[in-house]
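The values are calculated or read from the model by the stated rules, or taken from the named source; none is laboratory data. Keep in mind that this is a model prediction, so the values were computed, not measured. Cβ atoms come from the backbone with ideal geometry, glycine included; neighbour counts cover every protein chain shown. What goes into the accessible areas is simple: the full protein's heavy atoms, side chains included, and nothing from ligands, DNA or RNA. Shrake-Rupley method; radii C 1.70, N 1.55, O 1.52, S 1.80 Å.
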Amino acid sequence: MQTQVAIIGAGPAGLLLAHMLHRRGIESVILERHSRAYIERRIRAGVMEHDVAALLERVGLGARMRREGLVHQGINLRFAGRTVRVDFAGLVGRSVMVYGQHEVVKDMVRARLEAGGTILFEAEAVRLEGLEGERPVVVFRHGGLEERLEAAVVAGCDGFHGIARRSIPAAHITTFERRYPYAWLGILAEARPASEELIYARHERGFALLSMRSPTLSRLYIQVPPTTDLADWPDERIWDELELRLAAPGFHLERGPVVQKDLTVMRSFVTEPMRYGRLLLAGDAAHIVPPTGAKGLNLAVADVTHLARALFAFFERGDERPFEAYSRLCLQRIWQVQHFSWWMTTMLHREEGALPFDHHRQLGELEAVTGSRAALTWLAEHYTGLPLDFSEIA
Ligand code: RFL
Ligand code: PHB
């Protein structure tokens, strides 16, 4: 098999890239290790930045999101028995879109297949060859056979556990990592969200988050130790814990059937550079943020805007210089988002074994931030997202 761009991974990064290339007449093939049903059901991110939602609209992927997504003009920070609303609209004139990642994935898969594009499901990339040359090859397993996909460029959009990043010789990349001594236990429940906007709660028992997918589906998380066994957390125990951590005067948490339960470990991770020869990395394949800032999906989209422009230059003008600049352009945003995600995480989680000093300092920080219009504006700027570069995106 041959194509112009071999894309590994049908997550938001790979699917959006294929879609944007197609709109400029550049051909690609996506290899995805899982089935279509699996990736369309996998519950992950839920919050899209202002410009990310605008970008999806601009490239023709926004119709269902506009109908079914929830535009949020703010979030709530709950701590020390108080709730402070961060008014995005008033502070920065921007909003976010609450729309499930699996819904975006469904929209993207459908658009790609309707346009006659190729996504090979249950096709696992196992090896990359010739990355230093002009015709790299992705060796993949499909239907029990080993096959080869030859291309001019390979886009590694295969997430944190994929093979693209690991195919780069160690001497050519540097990685930066920070782990956190806690995880999130998440549930998706058929229950009316107890608040119209998200609630990020800092509590003595640990962090809790109230989010949602629709007016009838709640998405809720509690901080737990990374070694947690889900079997120790029957539904009622989770609801009880959520109730304690989210408690506030007049607040009533609605319970309902839990339809999914998962555990997410927390990590910050960056790869530099994001390119090796004709392999370019995008999204979680290159970096991970802890979910407290709601940034992973958004960062993947930002990478893809730069990657698509680099590929336009290469295929339309034979210009390889944007490949050189690709990492630098992405990393400028990545490190800012790393900082924001780390900051939200450490401000809101309770660290086992931390000094009493740290607990008081953390409350002092929340008081300082919520008491300052300047600080709230900074939070709102980052939460709703740094501006995206829309040039050449039509
Ligand atoms: P993905 O989505 O992981 O997609 C990678 C795809 O590659 C496939 N793959 C392979 N295919 C073929 N051959 C191989 N060898 C392969 N290896 C892997 C995988 O099957 C998969 O389909 O990466 P991508 O596209 O970079 O997208 C990144 C986002 O998925 C991720 O950053 C977000 O989900 C993170 N995240 C959030 N981001 C936000 O912007 N806002 C949020 O509110 C938010 N909440 C979250 C989150 C992630 C969470 N979890 C579960 C990690 C909440 C949670 C709980
Ligand atoms: C979600 O709805 O899944 C969600 C919302 C906000 C976050 C993380 C996850 O910070």
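Annotations for the structure displayed:
- Cβ-Cβ distances below 8 Å connect the following pairs, each with a first residue in region 25-51 that is within 21 Å of ARG141 (Cα to Cα) and open to solvent by 60 Å² or more (accessible area, probe 1.4 Å), a second residue that is assigned to a loop (DSSP other than H, G, I, E, B) and more than 8 Å from ligand 1 (Cβ to nearest atom), and a separation of six or more residues or different chains: ARG33/GLU122; ARG36/PHE121.
- GLY318 being without any contact (Cβ under 8 Å) to a residue 24 or more places away in the chain, under 27 Å from HIS19 (Cβ atoms) and surrounded by fewer than 22 Cβ atoms within 10 Å (Cβ to Cβ): yes
- Selection of region 290-328 for residues being more than 10 Å from the chain's Cα centre (by Cα), outside any helix (DSSP H, G or I) and not charged (D, E, K, R) yields only GLY318.
- Residues that are assigned to a strand (DSSP E or B) and polar (S, T, N, Q), drawn from region 82-107: THR83
- The set of residues in region 206-240 being under 26 Å from ARG67 (Cβ atoms) and among the aliphatic types (A, V, I, L, M) consists of LEU209, LEU210, MET212, LEU217, LEU220.
- Residue in region 335-356 that is part of a helix (DSSP H, G or I), open to solvent by 40 Å² or more (accessible area, probe 1.4 Å) and farther than 15 Å from PRO290 by Cα present: yes
- Selected residue (criterion: modelled with the highest pLDDT) from residues of region 40-50 that are near ligand 1 (Cβ under 10 Å from one of its atoms) and within 18 Å of GLY186 (Cα to Cα): VAL47
- Count of region 241-256 residues which are closer than 27 Å to THR227 by Cβ and either among the aromatic types (Phe, Trp, Tyr) or away from ligand 1 (no atom under 16 Å from the Cβ) (or both): 8
- Residue among ARG165, ARG179, ARG141 that is closer than 30 Å to TRP335 by Cβ and open to solvent by 50 Å² or more (accessible area, probe 1.4 Å): ARG179
- Near pairs, Cβ below 7 angstrom, 6+ apart or cross-chain, from region 351-365 (closer than 14 Å to ARG205 by Cα) to any residue that is open to solvent by 50 Å² or more (accessible area, probe 1.4 Å) and outside any loop (DSSP other than H, G, I, E, B): GLU351/PRO181; GLU351/ASP358; GLU352/PRO181
- Candidate set from region 68-88 (those that are over 20 Å from the mean Cα position of the chain (by Cα) and open to solvent by less than 40 Å² (accessible area, probe 1.4 Å)); member that is nearest to HIS19 (Cα to Cα): PHE88
- Taking region 115-136 as the range and being closer than 10 Å to LEU31 by Cα and either in contact with a Phe, Trp or Tyr (Cβ under 7 Å, 6 or more places away or on another chain) or in a loop (DSSP other than H, G, I, E, B) (or both) as the test, the residues that pass are PHE121, GLU122, ALA123, GLU124, ALA125.
- Under the condition of being over 30 Å from GLU381 (Cβ atoms) and outside any helix (DSSP H, G or I), the residues counted in region 10-21 number 1.
- Cβ-Cβ contacts under 7 Å between residues 6 or more apart (or on different chains), taken from a first residue in region 271-299 that is within 17 Å of HIS172 (Cβ to Cβ) and of a type in the set (Asp, Glu) to a second residue that is part of a loop (DSSP other than H, G, I, E, B) and open to solvent by 10 Å² or more (accessible area, probe 1.4 Å), are listed as GLU272/ILE173.
- Strands (runs of 3 or more DSSP E) fully within region 137-243 counting 2 or more residues that are away from ligand 2 (no atom under 15 Å from the Cβ), without any contact (Cβ under 8 Å) to a residue 40 or more places away in the chain and farther than 21 Å from SER268 by Cα: 137-142, 145-150
- If you go through region 22-81 and keep only what is within 30 Å of GLU204 (Cα to Cα), touching a Ser or Thr at 6+ places or on another chain (Cβ under 7 Å) and in a strand (DSSP E or B), you end up with HIS72, ASN76, LEU77.
- When VAL265 is tested against (1) within 16 Å of ligand 2 (Cβ to nearest atom); (2) surrounded by 24 or more Cβ atoms within 10 Å (Cβ to Cβ); (3) among the hydrophobic types (A, V, I, L, M, F, W, C); (4) outside any helix (DSSP H, G or I), only condition (2) is not met.
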